[in-house]
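Scroll down for the structure; my scribbles are underneath it.
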Amino acid sequence: MHFHSKHIKDNMSAHYYAILKRFLFTSTFLIIGVQGISQYVPESFKKTSANLINAAPKTYQEIDAVLNSSRKDTLLMRYFAEATVIKGYLDGQAYALNQLGRKYRNISQFSKALALHRRALGISKQAKNLEFEVYSLNMISVVFRKTDAIKSSLDYSQEALELAETIKTPSIGLKRGINVSLNNIGNIYQILEQYDQAIDKFKESLKLDLEMDNPLGLAINHQNIGKCYEAEGKLEEALLNFRTSLAYNEQINSNRGRIICSYSIARIYVHQGKVKEALDILVPNLEAAKLLDDKDIIASVSINLGWTLMHLERYKESRRQLTYGLEIAKKYKLLSHMAESNKLLSELSVKQGDFKSGLDHYRQAKYYDDQISNDRNLRYVNDMIMRYENEKRTEQLEQLAEENENVKLELRRNRTTILIAGIAMALLMGILYILYRQYQLKNEKKLLTLEQSMLRSQMNPHFLFNSLNSIKLYIINNEKKNAVHYLNKFSKLVRKILEASSLKEIPLAEELETIELYMNIENIRFSNEINFKTNIEEGIDTHTIKIPSLILQPFLENALWHGLSSKEGEKNIVLEVGKGTDDGFIYISVTDNGIGRIAAEEIKKNKVLKRESVGIAITKERLSNFSRDYLNSFHLEIIDLHNEVGKSIGTKVVLQIPTI
């Protein structure tokens, strides 16, 4: 669904326009989406979701009590999120989006995680659910901290903490929100190497965890306190806290927690000279981290393993592990790991006598360190921390003054004000409804026009006339077998085009079958000189992948009539279907060995009757419409192919189509 903002913004304020746009787009996207994934969701979960949505609890604890065992399953959370939109259950939608964000964060896909948490924040505000608003702010802060965006992380943590502390008697959910905020601020102190202040924050958070009997929070805070003590060189205190954290992680059966605690304990062992004991922990720990698929943890364990092997003078294995950790850190932009791995590689190179490599790695380590802790960033963060501490002291007085002012304002209200507000609201809702209906009618007209244009481009008279003339030639030449063969193909092609034109999307297998028929018919006019081949990458199920109907024909038509029609010699077209480089995409490429776009354009200029191609423009608009039902967008690239001496040897069209 697409908005023409210039038509709508003229008639209402930007604020209400944004609300309407978000509502219409999200609703349409998720209603279509839930039908698509419903077939993969167990009936038991569908029933659980329906019951939960009907009950419509508002707190995290109530929702999580039902969905805790399913919250790490992205398919189930997507289904639940989409189902909540259909029923208008905003609190459940905020919960599901935050769980999806946590899942992406834990596999280091930070941009996706950030987008999901921000959507959850907007929905929480719309639902006026303070608990989920605080939770979403904290999750955004964690993502920023994981990517070393310290300023943004602190901003969101402080906003969450200030918001939660506006409630005098916070619920369990808000207490947990306060806890997470304190923990995040402690982590920021830790990054700034202000370890005593960090420990104070973690211990403050620890008290709340004990009050709430929260073993996960206890595990996290003991782990963080241990890291601060380790940085201060207090190894015994650090080891005690790491072991305490490990015990809590065993209690809640957290694989992620076990791995983090284990490599932390191993690091202390290395400091204490117990290198072989550390190695015995780290080797199985790396395999467990790979199964967890958290890139941050994999990089940490691999770097620690490389460091441990260096102490055992197993330099070759050490370099392999440090390089592996560096590669992951670079790929996922984990700056602190990039700095640490380069420092250790510099030390290792010096030990092996390779001083040039050692200097190169040292320079890289210094570059990343400077990037992480530049002066402006540190000054900003310290100022923000001081500002927060000062503001907190006067917060209670300001809150009392604000409450007193609110009471005065309430007393000033009267029936006339309420009546005016009601009339204004009714008028506004009426305007919004009229605008919405106008938009619906305009969009329906646009979609109808687009589909008609698409059908005309597929069934243009020029193509029909020439195809039938070609078949007629077989009849005149008394080639009955060929005439019947191609007439059957032609009728089947026309039927498929007419059937597909009424559908928004079809399986890729049907589209490929239609294209095969189209190429067979067109090839008659080229005296069967066109060698058309389709290659499908192994593992791709063309029956389950959906694409817009009749989307590939314009590209093949261009290859035939602009690339190959004027070419002498062998004429080839290859259509390939493969998996995209990123998850959530497939690519379809059409490659011809024609004369190239530049030569084709020159020929076209000299023609008296020019063959205009509007199919590509229509196709792009249809792909844009199709992509709105997915998280990702389509991408179209047209590549001119050249040989070693720069001569044009054809054209390649690469189309990336989203699948999620």
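Throughout, read-outs are computed from the coordinates displayed, never taken from laboratory work. Quantities reported herein were computed from a predicted structural model and do not represent experimental measurements. Cβ placement follows ideal geometry from the backbone for every residue including glycine, while neighbour counts extend to all protein chains displayed.
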- line: With a ≥ b ≥ c from the Cα gyration tensor eigenvalues, square-rooted, and the rule rounded for a/c under 1.5, otherwise prolate when a/b > b/c and oblate otherwise, the range 459-658 is oblate
- prompt: Once amide H atoms are placed 1.01 Å from N in the peptide plane, what residues at a sequence separation of 5 or more from Thr534, or on another chain, have their amide H within under 5 Å of its amide H?
  reply: Leu575
- prompt: Using a ≥ b ≥ c from the Cα gyration tensor of the range 237-345 (square roots of the eigenvalues), is it rounded, prolate or oblate, where a/c under 1.5 gives rounded and otherwise the larger of a/b and b/c decides, a/b for prolate?
  reply: oblate
field: Gain in span if fully extended, Lys356 to Leu636, counting 0.36 nm per residue against the direct Cα distance
entry: 96.4 nm
message: Please list 3J(HN,Hα) in residue order for the range 480-487, calculated via the Karplus relation 6.51 cos²θ - 1.76 cosθ + 1.60 where θ = phi - 60°; whole Hz, with x for glycine and proline.
response: 4, 4, 5, 4, 5, 4, 6, 5
statement: Once amide hydrogens are built 1.01 Å from N within the peptide plane, the residues lying 5 or more places from Phe585 or on another chain with amide H under 5 Å from its amide H are Gly580, Thr659
In nm, spacing of pseudo-spin labels at Lys330 and Gln126 (7 Å Cα→C-beta vector): 4.2 nm
query: Taking H as built 1.01 Å from N, whose amide H comes closer than 5 Å to the amide H of Ile506, not counting residues under 5 places away?
result: Ile547, Ser549
Spin-label model distance (nm) - Gln61 vs Lys480, 7 Å beyond Cα toward Cβ: 8.6 nm
statement: Karplus ³J(HN,Hα) for the range 258-264 (6.51 cos²θ - 1.76 cosθ + 1.60, θ = phi - 60°; Hz, whole; x = Gly/Pro) runs 4, 4, 4, 5, 5, 6, 5
query: In terms of the Cα gyration tensor, with a ≥ b ≥ c the square roots of its eigenvalues, is the range 107-203 rounded because a/c is under 1.5, prolate because a/b exceeds b/c, or oblate?
result: oblate
Order by protection proxy (mean Cβ within 10 Å, highest first), peptides 585-598, 633-646: 585-598, 633-646
18 Å Cα-Cα reach of Lys276 towards lysines, excluding residues that sit fewer than 8 places from it in its own chain: Lys316
field: Among 95-101, 302-308, 54-60, 647-653, the order from most to least packed when residues are scored by Cβ within 10 Å on average
entry: 95-101, 302-308, 647-653, 54-60
- prompt: Once the dipole of the range 548-660 is set up with Lys and Arg at +1 and Asp and Glu at -1 on Cβ about the Cα centre, which of Trp561, Ser624, Ile660 lies farthest towards its positive end?
  reply: Trp561
15 Å beta-carbon shell around Thr323, net charge (K/R +1, D/E -1): +1
message: In whole Hz and in residue order, list the ³J(HN,Hα) couplings for the range 171-178 that follow from phi through the Karplus curve 6.51 cos²θ - 1.76 cosθ + 1.60, θ = phi - 60°; x for Gly and Pro.
response: 6, 4, x, 5, 4, 5, x, 4
